[in-house]
Amino acid sequence: MIHVCFGLYDKTGSYSKFTGTAMLSIFENTSADVTVHILHDDTLTQDNRDKFIYLAGRYNKLVKFYNVEELCPDKISEIVESAPGVKNSFVSLGTFYRLMVPAVIPPAIDKIIYLDSDIVVNLDINELWQIELGDKVLAAVPEISSYKTNDSMKYFFPLCEEGIVKCEDYFNAGILLMNLSRLRNEEDKIMDGLQARKHCYKTYYDQDVLNYCFSNQALKLPAKFNRFSQYVRREKEPLGKKIYHYAGGSFGLGLGANMKDFLNRLWMDYFIKSPWFDTEAIGRFYDTAHAEYQKGMINLSAAMSGKIRAFMTTEENLETLVEKFSVKEYEEIILVKGGTPVQKIIDAINISRNEKFFFIMFPNFPFKILKEAGLVEGEDFLNAYDFLLQEEIMPFKSYPLIKAL
């Protein structure tokens with residue numbers, strides 16, 4: 001029996017469809033027996049609970065539910081006290097439920113796969129299940145497989161920047177193979193880690209806690225077991241047998257409404273087979289996507305009022321940028337070479353700050369440093385990748401004004 005676990009916090013009742021779609025993708029791609037364990041709170045509605053039960057039964061699989069508000073009230077209180085910012089963050093309290101897996105899952109189960117809900121399992125989950133953990137506490141995909149260099153890792157992950165965790169050891173916590181036999185003896189260590197990082201949270205919350213505690217006790221998994229959609233798109237990877245992670249949430253990064261994009265189509269292929277797919281879901285999906293796109297365009301228009309567009313990219317991305325953004329001959333493109341100091345980029349933006357609005361296109365750019373230098377995202381610059389998949393843009397036939405940094 002393969003055991004899989006999800007954490008679910010569903011304040012509006014609309015997030016369960018993502019967990020359900022991830023479940024369905026597992027069932028579609030394996031003939032093995034699977035039990036899905038859902039750690040939830042009082043936000044799980046009876047209707048969504050019934051849909052999970054129906055979905056599992058349809059594939060002859062099992063699903064079990066654990067109300068963490070009833071089973072772990074003290075731990076939840078401690079989490080909220082340690083990370084009060086989570087209430088106003090883009091992540092939800094549910095992201096911490098993975099920390100409760102060892103305490104909640106029955107003792108007879110000594111291994112489990114934890115999955116975020118914003119994923120599609122486009123391979124046989126048995127591949128991951130069969131990996132031997134040995135004496136490792138867990139197994140996960142290192143973030144370095146996406147970020148490639150230590151310098152880019154340090155820009156984004158506080159534990160790496162502070163030198164507490166080696167860049168090559170820092171892992172993503174969205175997909176975990178958990179050794180429950182070991183983790184059940186580490187409950188105090190996890191809660192101590194939560195306290196140790198309580199004043200250091202920036203973005204990654206529970207992921208930082210797990211890395212703080214276990215980065216040197218984790219087995220490194222191949223990237224195919226946690227492949228982020230944004231990097232698949234940027235590196236133009238073909239569809240494969242992988243677990244796709246739609247983290248990012250915005251068009252061009254996470255999950256979008258553009259069905260010309262193969263990753264969006266892949267998620268939709270699974271979603272339409274789920275109990276959550278109906279005429280109301282179609283309407284909500286379209287209305288939400290259209291409203292967000294309109295809002296983004298309105299905000300962008302206001303930010304660019306009185307300014308002209310300018311662009312920064314690498315030579316490798318030049319052709320894509322010119323085509324996708326219909327760059328005009330009078331619009332400037334600045335080519336940034338590898339190893340260019342970030343300060344030089346900051347200076348280039350500051351020179352024309354009140355006249356130009358910069359779209360920046362190259363992977364893993366340290367936008368954090370631009371903000372620290374006083375530049376404002378949405379007023380002075382934007383990540384050009386965010387706009388690549390929003391709509392078809394007519395290509396421009398000739399190259400515009402180009403200079404190099």
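The values are calculated or read from the model by the stated rules, or taken from the named source; none is laboratory data. Here the structure is a predicted model, which is why all the values come from computation and not from measurement. Don't worry about glycine lacking a Cβ; one is built from the backbone with ideal geometry, like all the others, and counts go over all protein chains shown.
Kindly list the number of the only condition in (1) assigned to a strand (DSSP E or B); (2) more than 20 Å from Ile109 (Cα to Cα) that fails for Ser25.
For Ser25, the exception is condition (1).
Go through segment 228-239 and count every residue that is under 13 Å from Phe262 (Cβ atoms) and part of a strand (DSSP E or B).
Initial filter on segment 228-239 (under 13 Å from Phe262 (Cβ atoms)): 229, 232-233, 236-239.
Checking which are part of a strand (DSSP E or B) leaves us with none.
So the answer is 0.
For segment 99-123, which positions are β-branched (Val, Ile, Thr), under 10 Å from His3 (Cα atoms) and surrounded by fewer than 21 Cβ atoms within 10 Å (Cβ to Cβ)?
Within segment 99-123, Ile109 is the sole residue that qualifies.
Contact list please: Cβ distance under 9 Å, first residue in segment 295-316 and closer than 12 Å to Lys356 by Cβ and in the same structural domain as Asp386 (by TED's automatic domain parsing), second residue assigned to a loop (DSSP other than H, G, I, E, B) and at pLDDT below 60, pairs at least six apart or on different chains.
Phe311/Pro400; Met312/Leu405
Being assigned to a helix (DSSP H, G or I) and modelled with pLDDT of 90 or more narrows it down to one of Tyr97, Tyr66, Tyr114, Tyr54, so name that one. Full working, then the answer.
Values: Tyr97 fails: modelled with pLDDT of 90 or more; Tyr66 fails: assigned to a helix (DSSP H, G or I); Tyr114 fails: assigned to a helix (DSSP H, G or I).
Exactly one of Tyr97, Tyr66, Tyr114, Tyr54 is assigned to a helix (DSSP H, G or I) and modelled with pLDDT of 90 or more, namely Tyr54.
Test Asn126 against the criterion of being within 20 Å of Gln230 (Cβ to Cβ), assigned by TED's automatic domain parsing to the domain that holds Asn264 and surrounded by fewer than 23 Cβ atoms within 10 Å (Cβ to Cβ), and give yes or no. Break it down stepwise before answering.
Details: within 20 Å of Gln230 (Cβ to Cβ): no; assigned by TED's automatic domain parsing to the domain that holds Asn264: yes; surrounded by fewer than 23 Cβ atoms within 10 Å (Cβ to Cβ): yes.
Against the criterion (within 20 Å of Gln230 (Cβ to Cβ), assigned by TED's automatic domain parsing to the domain that holds Asn264 and surrounded by fewer than 23 Cβ atoms within 10 Å (Cβ to Cβ)), Asn126 does not qualify.
Sort out which residues of segment 311-358 are assigned to a helix (DSSP H, G or I), polar (S, T, N, Q) and modelled with pLDDT of 85 or more, and write them in order of number. Walk me through it before giving the result.
Taking segment 311-358 and keeping what is assigned to a helix (DSSP H, G or I), we get 315-324, 342-351.
Filter again for polar (S, T, N, Q), leaving 317, 320, 343, 350.
Of everything in segment 311-358, those that are assigned to a helix (DSSP H, G or I), polar (S, T, N, Q) and modelled with pLDDT of 85 or more turn out to be Gln343, Asn350.
Would you mention how many residues in segment 117-160 are among the aromatic types (Phe, Trp, Tyr) and part of a loop (DSSP other than H, G, I, E, B)?
Total satisfying the criteria: 1.
Only one residue in Gly20, Gly57 is within 25 Å of the chain's Cα centre (by Cα), of a type outside the set (Val, Ile, Thr) and assigned by TED's automatic domain parsing to the domain that holds Ile105. Which one? Step through it out loud before you land on a result.
On the way: Gly57 fails: within 25 Å of the chain's Cα centre (by Cα).
It is Gly20.
Just the residues that are touching a strand residue (DSSP E or B) at 6+ places or on another chain (Cβ under 9 Å) and either surrounded by fewer than 23 Cβ atoms within 10 Å (Cβ to Cβ) or among the aromatic types (Phe, Trp, Tyr) (or both), please, taken from segment 11-36.
Tyr15, Phe18, Phe27, Glu28, Asn29, Thr30, Ala32, Asp33, Thr35
Evaluate segment 70-77: report whether one residue or more is assigned to a strand (DSSP E or B) and more than 19 Å from Ser14 (Cα to Cα). Outline the logic, then answer.
Step one: of segment 70-77, the residues assigned to a strand (DSSP E or B) are none.
Checked segment 70-77: no residue is assigned to a strand (DSSP E or B) and more than 19 Å from Ser14 (Cα to Cα).
So that you can scan it fast, the table gives a plain yes or no per residue for (1) at negative phi; (2) surrounded by fewer than 16 Cβ atoms within 10 Å (Cβ to Cβ); (3) in contact (Cβ under 8 Å) with a residue 12 or more places away in the chain; (4) out of contact with any strand residue (DSSP E or B) (no Cβ under 6 Å at 6 or more places or on another chain):
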| site | (1), (2), (3), (4) |
| --- | --- |
| Ser326 | no, yes, yes, yes |
| Tyr330 | yes, yes, yes, yes |
| Gly338 | yes, yes, yes, yes |
| Pro341 | yes, yes, no, yes |
| Ile345 | yes, no, yes, yes |
| Ile351 | yes, yes, no, yes |
| Glu355 | yes, yes, yes, yes |
| Phe359 | yes, no, yes, no |
| Phe365 | yes, no, yes, yes |
